[in-house]
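Reading through the structure tokens given below for one structure.
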Amino acid sequence: MKDKDNFKNKLASLTKNIGYEFRTTFTISIKYLKEIFRSKLFLIIAIMLPAVLMIFMGVIFGGPISAVQSYNILVINEDIGYTNDTTTYQFGESLINTLGNVTYPLEEGEVPMNIFYIFETDVYNQSTEDFLIYEEHGLHLTLIIPENFSEVVFNFDNDVRVTVVGDPLTGVYQNSVSTFTTIYNEFVDAVRFSLGDDTGQSVIEEHHIGIVGNTTVFDLMVPGFVIIGIVMNIVFVSTILTEEYELKTLEKLQLTPMRTIHLIGGLSLTQLFVALVQIIVLFALSLAFGYNAIGSYVLAGVIVWIMSLSMSAIGMMIAAFSKKGTIASSISSVVAIPLYMITFFPVWGIETIPMFQINGNVFGVFDILPTNLATRMVNQVMIYGQTLSDLTFEFVSLIIVTVIYLAIGLVLVSIFKLRPKKE
Amino acid sequence: MTETAIQIQNLTKIYSTNNLKAIDSLDLAIYKGEIFGLLGPNGAGKTSLIRMLVGLLKSSSGQILFDGDELNINSSRLKHHIGYVPQEAAFWKNLTVYENLNVIGTTYNIPSKELKERINHLLEGLYLIDQKKKLASKLSGGMQRRLNLAMGMIHNPQILFLDEVFVGLDPQTRNYLYDYLRDFASKENKTIIITSHLMEIVDALSDRVGILDLGKMLAVDTPENLKNTHGKGDILELEIDKEFDEDLLNKIEKSVKDVSVEKKDQDIFIKTLNAIAKIPEILNIIEGEGLTVSDVKLTKQSLETVFISLTGKELRGD
């Protein structure tokens, strides 16, 4: 009976404690929400500015992709060569060299420009395709040279076949295939002619993959724009927290039984709400400017939403070291600028520097920045239609990185802002 | 009033940036239910002391005991026990008066219904009830200070620290606050520690007063005892109708205990403790010399004079 009573008491106490944790965190969150939504400056920074940027970019880049002068080709050369008498022919290799050497002059006096930039890989599978084509190099076309390529070229009775892979709906793919076809035909004709015959066809088998819609530059950049909108949250989180310190309201909270986790939790909840509004507004605006997305908006939104927590964490880190709201705001802007730049690295096709690899999944140096990771993921989702199962590694990485950021923010705020001062 | 609320033992605070000893081996006991006034010139260490007592500032050495337990700022029990009203009114400008109090009250885990009642009770008591839906930034200075006070009292603390809360208040609000704090302490047996440079308020409000200078407690006692012990006395100014010589002054000094007498034109200046009680005796001596006192002016001893006597400084506002 006594044990039962003890258990009941413990349960009641636990329920009361949990209730307190939630109530306090929620109250602090509501406090921040009221404060920021009653502040005109906040509305300008967090909602208006990103929205204006999106509108601006939509107007500028909302049209179709302009003609590309050079094409990036991923080549999988499976050709094993062909030996006739004592001579071994590697026509696959010759084709690659030819493609790599084709240039066209621009204006007179300018250095001739390559039509194709070649990237080679030995293994071809779905993961290679996804990673190399659409992330690593921003390739426009994949060329697969079959194992018997040299043999077939040598054997005049057969058609010479290669396979190209890409999305027929993109203008870039169409242009690159067209250019490739011309060069490929000329190559086969030239080689066969040199071998003494010119019969047989050069055939290109196209393997279409529906992962890219009618992609525009704007489409590629939308995830970046959405994410830099969220990056703005660094400014508001750091400023609001530093102003609490500056105006001594943080000291008031410090005197109460409230703990750091309530403050950080409350502020993060507020930031999540703001981010949700931003995500909805920015994606809605992007749609209005003709964003061609084939993936899940919900998944993309969730990715950005999770990433937004790391922005509040960065804001907290800045606030931990700032004594005035104006200083916090300035530091935040300085931090945000390189983040903006790095956010667009995946869009610009800047290669990541591998940090480590797990089961073939590479975690790059820039992935330490959740903005970079999230931009890449949202592009994968929205442009290439990838799902959560395709992005499990990245998704888990994003969560881990975000949690690390939040933990650092929490510790720093606790040490520098909520402990009794020494001076 | 002999049960100790706060026991300070050998407390020292040295600021490492300028090697300043703000509090120097301080020992002090503050009793339950008393209003303790803390006086000191600028830089005496008042605010440092209070901030250490509420756990906002780390001490360099020494102990602070609340009800016998050492100060542990992370202790929820202690946080419920003490309230602090800082010098600067600190509140969330973009929240209403009610919302400000609700945030603070919630962090003390006061049940919603009770919290609502307490807020309304406090706002009524502090004449802010009509302003409860107003944004705090829109309040007048006096109202903001009252809101500041309410925020420190919302959890009904046993010990309340008030740091210069009377600064910037109009006389009406000041008198009102004075009565309010008196009631708060006497009816609910609360302990109040108050710093102010307004001597008359500290004098009238405090059960005991401590005078702090250069981090040391120079004297602690009731205001009356301080005045009697450390004051140089009241000043009695007597205007005499005729010319008189130095003999009269010598006679007063010899006959009346503990007085110092000076002549200035037609006036006699007598400095002594508890001058009122000595007036009849002095008048008798003067009249015995065939002189008449045409005017009497008495300047009572104040804490100000005690303060100056102990610290050698005028007390100015921070």
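The values are calculated or read from the model by the stated rules, or taken from the named source; none is laboratory data. Source: prediction; values computed, not measured. Glycine also receives a Cβ, built like all others from the backbone with ideal geometry; neighbour counts cover every protein chain displayed. Calculation scope for accessible area: heavy atoms of the full protein, side chains included, ligands and nucleic acids excluded. Shrake-Rupley method; radii C 1.70, N 1.55, O 1.52, S 1.80 Å.
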Handout entry: Hits among lysines - C-alpha to C-alpha of B:Lys21 under 24 Å, sequence gap 8 or more where chains match
Key = A:Lys417, A:Lys421, A:Lys422, B:Lys13, B:Lys46, B:Lys58, B:Lys216, B:Lys313
Exercise for the section: Over every pair of different alpha-carbon atoms in segment A:259-300, take the mean of 1/r and invert it; report that Kirkwood radius in Å. Expected result: 12.1 Å
Problem - Taking segment B:188-231 and dividing mean pair separation by its residue count, relative contact order in percent (alpha carbons under 8 Å, at least six apart) - result: 24 percent
Practice task
Give me the percent of DSSP beta bridges within the protein assembly as shown that run antiparallel, rounded to the nearest 5.
Solution key: 60 percent
Problem - Average accessible area per residue (Å²) across chain B - probe 1.4 Å, nucleic acids and ligands excluded - result: 45 Å²
Exercise for the section: Provide the packing ranking of B:294-304, B:83-93, i.e. peptides ordered by the mean count of other C-beta atoms within 10 Å per residue, highest first. Expected result: B:83-93, B:294-304
Practice task
Determine, for each peptide in A:305-313, B:160-168, B:212-220, the mean count of other beta carbons within 10 angstrom over its residues, then list the peptides with the highest first.
Solution key: A:305-313, B:160-168, B:212-220
Practice task
Sum -39500 (n - 2.57) across every DSSP H segment of at least 4 residues in chain A, then divide by the residue count to get the 222 nm mean residue ellipticity, nearest 500.
Solution key: -19000 deg cm²/dmol
Handout entry: Total accessible surface hidden between A and B, rounded to 100 Å², 1.4 Å probe
Key = 3000 Å²
Exercise for the section: Within a 10 angstrom radius of each residue's Cβ in A:25-32, how many Cβ atoms of other chains show up on average? Whole number is fine. Expected result: 3
Exercise for the section: Quick one, could you list the DSSP H helices from chain A stretching 20 Å or more along their long axis (Cα atoms) with average Kyte-Doolittle hydropathy of 1.6 or above? Expected result: A:217-231, A:260-288, A:297-321, A:392-417
Handout entry: Relative contact order (percent, whole number), chain A, Cα cutoff 8 Å, 6+ residue spacing
Key = 19 percent
Exercise for the section: For segment B:1-64, go through all pairs of different Cα atoms, get the mean of 1/r, take its inverse, and jot down that Kirkwood value in Å. Expected result: 12.3 Å
Problem - Drop in accessible area of at least 20 Å² in the complex versus isolated chain, residues of segment A:227-256, 1.4 Å probe - result: A:Leu247, A:Lys248, A:Thr249, A:Glu251, A:Lys252, A:Leu253, A:Gln254, A:Leu255, A:Thr256
Problem - Distance between segment A:18-62 and segment B:194-209 - C-alpha centres, whole angstrom - result: 47 Å
Completion exercise
Taking only the alpha-carbon atoms of chain A, the convex hull volume per residue, in cubic angstrom, is 218 Å³
Completion exercise
Counting other chain Cβ atoms within 10 Å of each Cβ in B:66-79 and taking the mean gives 2
Handout entry: Cross-link reach list, lysines versus B:Lys132, counting only Cα pairs under 19 Å and skipping chain neighbours closer than eight places
Key = A:Lys31, A:Lys34, B:Lys93, B:Lys113, B:Lys116
Handout entry: For B:90-99, mean number of other protein chain Cβ atoms within 10 Å
Key = 5
Practice task
Specify the residue with the greatest mean-square fluctuation among A:Thr343, A:Thr375, A:Thr260, computed from a Gaussian network of chain A linking alpha-carbon atoms under 10 Å apart.
Solution key: A:Thr260
Practice task
Work out how far the C-alpha atoms of segment B:4-228 reach from end to end along every principal axis, then list the three figures in whole Å, largest first.
Solution key: 47, 39, 35
Exercise for the section: Work from the charge dipole of the protein assembly as shown (Cβ charges, +1 for Lys and Arg, -1 for Asp and Glu, about the Cα centre) and give the residue of A:Ala313, A:Ile415, A:Asn114 farthest towards its positive end. Expected result: A:Ile415
Fill in the blank from the handout: Residue-normalised 222 nm signal for chain B, counting each DSSP H run of n ≥ 4 as -39,500 (n - 2.57), nearest 500 deg cm²/dmol, is -11000 deg cm²/dmol
Completion exercise
Highest GNM mean-square fluctuation among A:Pro354, A:Pro112, A:Pro338, for chain A with Cα springs under 10 Å, belongs to A:Pro112
Completion exercise
Excluding residues fewer than 8 positions from B:Lys257 in its own chain, the lysines with Cα under 17 Å of it are B:Lys232, B:Lys271, B:Lys278
Exercise for the section: Please report, in cubic angstrom per residue, the volume enclosed by the convex hull of the alpha-carbon atoms of the protein assembly as shown. Expected result: 264 Å³
Practice task
Quick one: pull the percent of accessible area on the protein assembly as shown belonging to carbon and sulfur, 1.4 Å probe, ligands and nucleic acids left out.
Solution key: 56 percent
Completion exercise
quick note, chain B, DSSP beta bridge pairs, % antiparallel (nearest 5) is 70 percent
Practice task
Run the quick spin-label model on A:Thr163 and B:Arg182: label points 7 Å from Cα toward the beta carbon, then report their separation in nm to one decimal.
Solution key: 9.7 nm
Handout entry: FRET efficiency for A:Phe7 and B:Asp247, using Cβ-Cβ distance with R0 set to 56 Å, rounded to 0.05
Key = 0.05
Fill in the blank from the handout: Quick calc, segment B:96-190, dipole around Cα centre from Cβ unit charges on Lys, Arg (+) and Asp, Glu (-), nearest 20 debye, gives 200 debye
Exercise for the section: Find the relative contact order for segment A:253-410 and round it to a whole percent, using C-alpha pairs within less than 8 Å whose residues are 6+ positions apart. Expected result: 35 percent
